[in-house]
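Everything below concerns the one structure shown next.
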Amino acid sequence: MIALIRSETTKLLTTKATWILALVTVLGTLPMAWTNSVSSADLPADSELLFSSAPIPPEYQGFEMAGFGYVLIVALAALWSGSEYGSGKQIRTTLLATPKRLRVFVVKATLLAVFVALIAFVTMTGTIIITHAAADTGIDPWALTPAIWANLSGVTLAWTLTALIAFAVGTIARTAILPLILVVPLVIGVGDFLAGFWSGAKFLPTTAGAAMYNDPASGTFLDPAMGALVQTGWAIVLLVAASVAFTRRDL
């Protein structure tokens, strides 16, 4: 088991795409957070030039920047699940070295979850600190409130579960393309848009996940706890289906 963890960790961390996507997520989001905060610092709370013309409570400010990194996290998960099924069929070598397929699947999913959670926490914590440092929100950026830390935990969990969902879809399809087609439109706002006029869209995985770090008073999202439960349910169902497909079908 230790040898498997070591080999899969090496595989993940020595892939160029892993670090490119991780660095773009962090280094791309932070400057945008600064620009967004500075440009809006002198505008009235209900200005139409803001992300929302309705005043956003301080504990939710800055979380609108999560969308940029969301797309890159999905791309990372899609590549992690589908890259070994390419022309080289690296998955055959992996399974020859470790015939216990379920163990391989669990290690891959766990490594992805840990890596994405780390990226999400670093990215969004930096984003929120920058947001409150650049704008006069009344919150000390170095002493964030418990409500903000709860939202940071929520966005970290949402990114992690979304990555696992994309990973599961890619494993089932044996390609990185399908999760990009299915999940990316949801994370760039299609799910939130649909939730504006169809209540059932609130139960889509990414929209449910967004409930964990968005203002429930907006009426667009579920209660944070319910959102966490719904997105976790999506992830569990898809991961179980993916594990069955991974362990039972021929290569």
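Bear in mind that the values in this text are calculations on the coordinates, not laboratory data. The shown structure was predicted, so the numbers you read here are calculated from the model rather than taken from an experiment. Don't worry about glycine lacking a Cβ; one is built from the backbone with ideal geometry, like all the others, and counts go over all protein chains shown.
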Of 69-80, 112-123, ordering from highest average Cβ density within 10 Å down gives 69-80, 112-123
Length-normalised contact order of the chain, Cα under 8 Å, at least 6 apart, in percent, tallies to 23
Where a ≥ b ≥ c are root eigenvalues of the Cα gyration tensor, a/c under 1.5 meaning rounded, otherwise prolate if a/b exceeds b/c and oblate otherwise, the chain counts as prolate
Low-density loop trypsin sites (Lys or Arg not before Pro), segment 161-251, at most 12 other Cβ within 10 Å, DSSP non-H/G/I/E/B, are Arg249
With R₀ set to 30 angstrom, the calculated FRET efficiency between the beta-carbons of Ala17 and Ser218, to the nearest 0.05, is 0.30
Measuring from the longest principal axis of the C-alpha atoms of the chain, the long axis of helix 224-248 (C-alpha) lies at a number of degrees, nearest 10, equal to 20
What helix-only [θ] at 222 nm does the chain give? Using -39500 (n - 2.57) per DSSP H run of at least 4, over all residues, to the nearest 500, the answer is -22500 deg cm²/dmol
Restricted to pairs 8 or more residues apart or on different chains, the lysines in the chain with C-alpha atoms under 17 Å apart form a number of pairs equal to 4
